[in-house]
Amino acid sequence: MIDNVTGLTCVICGTTYSAEEAGYVCLNHGNDGILDVQYDYDLVGSRISKASLNEDRDPTMWRYRSLLPIASDATVPPLTVGGTPTYDARRLAEALGISRVFVKDEGRQPTASLKDRASAMAIVKAREQGAEVVTTASTGNAAAALSGLSASVGQKNVIFVPETAPQAKIAQLLAYGSTVALVKGTYGDAFDLCMEAAAAFGWYNRNTGFNPYMTEGKKTAGLEILEQLDWDPPDAIFVSVGDGSIIGGVHKAMKDAQALGWIDHTPRIFGIQSAGSDYLVQAYESGEDVLTKPPISADTVADSISADLPRDRIKAMNAVVETDGAYLRVSDIDILAAVPTLARGSGVFAEPAGAAAYAGLVVAVNHGLIKAADRVVVLSTGSGLKDVASAMKAVAAAGTKPMVVEPTLDALKAAMKTNLTV
Ligand SMILES: *Cc1c(COP(=O)(O)O)cnc(C)c1O
Ligand SMILES: [Zn+2]
């Protein structure tokens, strides 16, 4: 039995539905009426505390299960999701002239992106309902995550991705045995087709910015950040933003932790978008209402944050506005440059969408939005191995070339004379 959820509330009109009666979205607002899960924090607080977490040997996202919308005895998928490291990257902090830069490496998840947190939740909810098939559309990582988590429990699934998705992500889907539709169109096209198919065939729908439980899975990244920093909240958290579900999840974690008295203030949350996919930055700057602002035409090297119309834009905007953060844009050139900078400065090799958060930190420091005494967290959302073609572009742009040598010591010595990196 799920007894810790008091209801699901529409982000637009505030109508609250009980967990049993709630569909995916608000009845009054269709697909824009995204629901937010509400908890009985007194009950949650009686089951989980900083002290109980200290004793808990479970390193996965399920250590926060008392604060998740699942039954306390729910069976969770066997893959190890969550418990990713948060590194203290001293050289990056020094280079930026700020107190601390922590890098949380979500590339360490089983399918190599933060999306595993949401897809693991989707599997639990789909099984709770006895769904035969689960489905999602995705720029690639949510798809790979649902695919891998499904494989871990033998769950049938159908995946929709744009045919332009990076090869590594498509390879994951095929290896895990998903039914894969490569859609001739954008992520938006794949999303619309998946939504139609889910409704037509009665599949369990994991789509981002539609299924209200995905935010709850993603928030475990934010809870881990707080716990890994010994509940001393950082001054700022940098998150790259496509649909806006991850940033909404990070914000939810902060609100939960505050409601439970685990932290006394909330970090400022900074949303980072590519200049080629900057819907939320535009709205933040102009004050336009994200409910009525029309889609843009997104185009960026950071495929995971390419979104014409961020599906979870209301939660995404609230995350920044309510925490006194900002939305910032970074160019594709800066995103690619951030890949080797982050890798060399911290050892974390990120895909472009992950490195974008670091590129955003650089912009924030340059604009005086981050002070010298600040401790900041960069959420690196996905592994660099997800998109090797972009990584090769990034290192070429950084002027990094390997030595190509005959297999003799003399040839190596000659090559090393002209190679400046040794
Ligand atoms: C999905 C994703 C994002 C963006 O998350 P949203 O919830 O769509 O804003 C950022 N980075 C990576 C690697 C992702 O897979
Ligand atoms: Zn509503």
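The values are calculated or read from the model by the stated rules, or taken from the named source; none is laboratory data. A quick note: this is a predicted structure, and the numbers were derived from the prediction, not measured. Here Cβ is always computed from backbone atoms with ideal geometry, including for glycine, and neighbour counts include all displayed protein chains. Surface areas here come from the heavy atoms of the whole protein model, side chains and all, with no ligands, DNA or RNA. Shrake-Rupley method; radii C 1.70, N 1.55, O 1.52, S 1.80 Å.
Give the longest segment of the chain that steers clear of GluC sites (Glu not before Pro) in DSSP loops with at most 14 neighbouring Cβ atoms within 10 Å, not counting the sites themselves. It would help to have the intermediate numbers written out before the result.
On the way: sites that count: E20, E21, E132, E163, E288, E322.
The answer is 164-287.
Give me the accessible area per residue for the chain, probe 1.4 Å, as a whole number in Å².
Details: 16990 Å² over 422 residues.
Here the per-residue accessible area is 40 Å².
Around L193, with a cut-off of 14 angstrom between Cβ atoms, what is the net charge of the other residues, counting Lys and Arg +1 and Asp and Glu -1?
Values: positive: K184; negative: E163, D189, D192, E196.
Result for the neighbourhood of L193: -3.
Straight-line reach from K293: which lysines fall under 25 Å, measuring Cα to Cα and dropping same-chain residues less than 8 apart?
K252, K315
Give the relative contact order (percent, whole number) for the chain; include only Cα pairs under 8 Å separated by 6+ residues.
Details: 870 pairs, mean separation 67.2, N = 422.
Rounded, it is 16 percent for the chain.
Counting only protein heavy atoms, what percent of the accessible surface of region 1-136 is carbon or sulfur at a 1.4 Å probe?
On the way: 2710 of 6060 Å².
C and S atoms contribute 45 percent here.
Take every Cα pair under 8 Å in region 211-253 that's 6+ residues apart, average their separations, divide by the length, and report that relative contact order as a whole percent. Spell out each step's value before the answer.
Values: 37 pairs, mean separation 26.3, N = 43.
Relative contact order for region 211-253 comes out at 61 percent.
Taking the alpha-carbon centroid of each part, what is the distance from region 1-40 to region 188-243 in angstrom?
When both Cα centres are located, 16 Å separates them.
Let me check something: with ligands and nucleic acids excluded, how do M392, M121 order by accessible area (1.4 Å probe), largest to smallest?
Numbers: M392 125, M121 0 Å².
Sorted by accessible area, descending: M392, M121.
Could you list the chymotrypsin sites (Phe, Trp or Tyr not before Pro) in region 269-322 that lie in coil according to DSSP, counting only those with at most 11 other Cβ atoms within 10 Å of their Cβ?
Values: sites: F270, Y279, Y284; in loops: none.
Qualifying residues, ordered by number: none.
For region 182-249, calculate the relative contact order in percent as a whole number, restricting contacts to Cα pairs under 8 Å that are 6 or more residues apart.
On the way: 38 pairs, mean separation 20.2, N = 68.
Over region 182-249, the number comes to 30 percent.
Carbon and sulfur: what percent of region 249-347's accessible surface (1.4 Å probe)? Mind showing how you got there, number by number?
Working: 1770 of 3590 Å².
The C+S portion of the solvent-accessible surface of region 249-347 is 49 percent.
Report the longest stretch of the chain that contains none of the trypsin sites (Lys or Arg not before Pro) sitting in a DSSP loop with at most 13 other Cβ atoms within 10 Å.
That gives 185-370 as the longest site-free run.
Could you tell me what percent of the DSSP beta bridges with both partners in the chain are antiparallel, to the nearest 5?
Counting DSSP beta bridges with both partners in the chain, the antiparallel share is about 30 percent.
Taking the Cα centre of the chain as the origin, how large is its charge dipole in debye, to the nearest 20, when only Lys and Arg (+1) and Asp and Glu (-1) carry charge on their Cβ atoms?
Details: 36 positive and 48 negative charges, 227 e Å.
It works out to roughly 1100 debye.
Enter the angle in degrees (range 0 to 90, nearest 10) between the Cα long axis of helix 352-366 and the first principal axis of the Cα atoms of the chain, meaning the one along which they spread out most.
80 degrees
Once the mean 1/r over all distinct Cα pairs of region 224-266 is inverted, what Kirkwood radius in angstroms do you read off? Don't skip to the answer; put the middle values down first.
Values: mean 1/r = 0.0922 Å⁻¹.
Taking the inverse mean of 1/r over all distinct Cα pairs, region 224-266 comes out at 10.8 Å.
Suppose every K and R has +1 on its Cβ and every D and E has -1 on its Cβ; what is the size of the dipole of region 327-416 about the Cα centre, in Debye to the nearest 20?
Charge dipole, region 327-416, about its Cα centre: 220 debye, nearest 20.
If you rank L409, L280 by how much accessible surface each has, with a 1.4 Å probe, what is the order from largest down? Intermediate results must be reported in sequence, preceding the final value.
Details: L409 115, L280 0 Å².
From most exposed to least exposed: L409, L280.
Can you give me the C-alpha center-to-center distance between region 106-151 and region 250-277, rounded to a whole angstrom?
Each part's Cα centre sits 23 Å from the other's.
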